[in-house]
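Heads up: the structure comes next, in structure tokens.
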Amino acid sequence: ENKQQLFCARDRFGIKPFFYYLDHDKFIFGSEIKAIMASGEVRNELDIHGLDSYLAFQYIAGERTIYEAIKKLKPAHTLTIKPRDSHNRITIKKYWETKYEPDFNKTEEDWIEELDEVLTESVKLRLISDVPLGAFLSGGIDSSSVVGLMSKLSSNPVKTFSIGFKEKKFNELPYAREVAKRYNTEHYEQIIEPDSIELLPLLVRAYDEPFADSSAIPTYYVSKFAREYVTVVLSGDGGDELFAGYNHYPKWAKIHKYNVTPAGFNKLVWGTIHKMIPTKVKGKGITYLLSQDRNYFGSSAKTWNIPERAALYKRELWKKLANAPAEQYRENIIRSVDSKDFIWRMQQADMHSYMTDDVLTKVDRVSMRVSLEARVPILDHKVAELSFKIPTSFKLRGDDKKYILKKAMAKYLPESVVSHKKQGFSVPLKQWFKDDLKEYVHDKLVNPNPLLSEFINQDYVAKIVEDHNSGMRDLNSKIWSLIFLNAWLEEQKNGLGAPTNQFKETLAQ
């Protein structure tokens, strides 16, 4: 009141959201897009660059949302707003940096001891609660470590919650059970079936904009399941980004190491080879990476790459997007990193886009949907700042990902959990779309669809579905991205969550 200004800030990693709208007369902000749309003051015109980000990555990265008028305050940023006629009315500043400052003087034993200490303290802080508390337990390194530390610090058995699938390849329940058994936790499990597609309208309303990470399905179910017993859960999110745990890190590192030829040569040679390889042939994606700028390794699209989006979009739309494709956002992150360490540059790209705009968004929206608070001990800033000092050689050792974290947490984990291949929290959509949901996919994507056809080439989509059903390629992520986009468009058409008149104008344009 004294300064006549409003001060806002978002946490360091974006564990929690911050949306806002600003025009000459008003500033509206909230933790959900629907809160801003409920004002009735905001035109809901589609941001085509937000759409492109969604189809490239399966989420909308950075400050953009699917609506042109609504923005996100980025993590580790403050926003100060003054009265309308003030000089510098709005100021946005970054208050915290993720900076790689490796300490090469410490031994492996030093890092193990420090990691154990700082992670224990972080979990201890997040056990402070006046309400029932538990943990998500996937059976992976990160969530299992959190449960192990919780059990060490708690006098009562920890409540743990796990989700599984009938499809053995996607089911990590056996590993979760081993951890639960070791610590005698109060363990709860649930199996997910293909009829989970009925959850789609609820997910659309929870996320407010297109969001195609299919693991939102099990995340919703495990959140809803856990809420029957507890009010707060601890999760293991953040370990892959801080400690180089993704499968693409060693793969990209090898390609980067041997890809020493100039970018011009790569585009001429590998680019030509890429164009000659039939779409259905495995390995086409690698030649596409090789034909790009070296920064492209960390910026590459997760779902639809540039040639695929050029074929997917209506020609007029791609003309507007081609000069500034979504990949530029991640490329800019990588280019801004002052370290030459390749793995750190890849980690930065994932920390500042995938982790914030996908992983943390996924958990926050569906846990809040069922009134469950999710806490993230691995993303405590002290844990993060320690990880920034650990040399890359201790994080990725050959093909051994999260090396130092595994060493530090090994005493808390069964050997099978430490050594088994990373699966991720993925959903067996490939089988579902070919079997139980085949008719559903055909009805939504292959039959004439007036909503999707405003943006995309439906003949190309029909070919994608046909290729997937033939078994030549696993295209489930592409299919799911279109299924979710279609469901979101249907919500807009029905006026559930936003005014529709301006949106219809956008479609008409």
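Only the coordinates and a few stated rules stand behind these numbers; no lab work does. Since this is a predicted model, take the numbers as computed values, not measurements. Glycine gets a Cβ as well: all are built from the backbone with ideal geometry, and neighbour counts include every protein chain shown.
A few remarks follow.
- Pair residue 84, residue 400: separation of 7 Å Cα→Cβ label points (nm): 6.4
- FRET efficiency estimate (nearest 0.05) - Cβ-Cβ, residue 323 to residue 41, R0 35 angstrom: 0.65
- Backbone N under 18 Å from the residue 473 label point (7 Å along Cα→Cβ), restricted to the range 300-324: 300-314
- For the range 76-116, GluC sites (Glu not before Pro) meeting the loop criterion (DSSP other than H, G, I, E, B) and having at most 12 other Cβ atoms within 10 Å: 97.
- Taking packing as the residue-averaged number of other Cβ atoms within 10 angstrom, the listed peptides 439-451, 7-19 run from highest to lowest as 7-19, 439-451.
- Cα convex hull, the range 74-169: 247 Å³ per residue, rounded to a whole number.
- Counting every pair of alpha carbons in the range 13-136, the share spaced more than 20 Å apart comes to 64 percent.
- Once the gyration tensor of the Cα atoms in the range 115-214 is diagonalised, the equivalent ellipsoid follows with semi-axes of 28, 18, 13 Å, ordered largest first.
- Rounded to the nearest 20 debye, dipole of the range 6-50 from Cβ charges on Lys, Arg, Asp, Glu: 240
- Computed over neighbours whose Cβ is under 11 Å from that of residue 306, the net charge equals -2, Lys and Arg +1, Asp and Glu -1.
- Computed from the C-beta positions of residue 7 and residue 382, the FRET efficiency with R₀ = 22 Å rounds to 0.35.
- Gain upon complete extension [residue 153, residue 231; 0.36 nm per residue less C-alpha separation]: 26.2 nm
- Label-to-label distance, nm, for residues given as residue 462 and residue 181 (7 Å Cα→Cβ offset): 5.3
- Each residue, residue 97 and residue 124, gets one label point 7 Å from its Cα in the Cβ direction; the gap between the two is 3.1 nm.
- Counted charge near residue 201, where neighbours are those whose Cβ lies closer than 10 Å (Asp, Glu -1; Lys, Arg +1): -2
- Pairwise centroid distance, computed over Cα atoms, of the range 204-221 with the range 341-355, Å: 23
- For residue 107 and residue 335, a Förster radius of 30 Å and the Cβ-Cβ distance give a FRET efficiency of 0.35, rounded to the nearest 0.05.
- Summing charges over all other residues whose Cβ lies under 14 Å from the Cβ of residue 88, with Lys and Arg as +1 and Asp and Glu as -1, gives +4.
- Across the range 1-137, the mean sequence separation of Cα contacts (distance under 8 Å, 6 or more residues apart), normalised by length, yields a relative contact order of 23 percent.
- Gain in span if fully extended, residue 254 to residue 190, counting 0.36 nm per residue against the direct Cα distance: 19.2 nm
- Of 438/463; 340/395; 159/224; 382/421; 16/74; 254/395, pairs whose Cα-Cα distance is over 18 Å: 382/421
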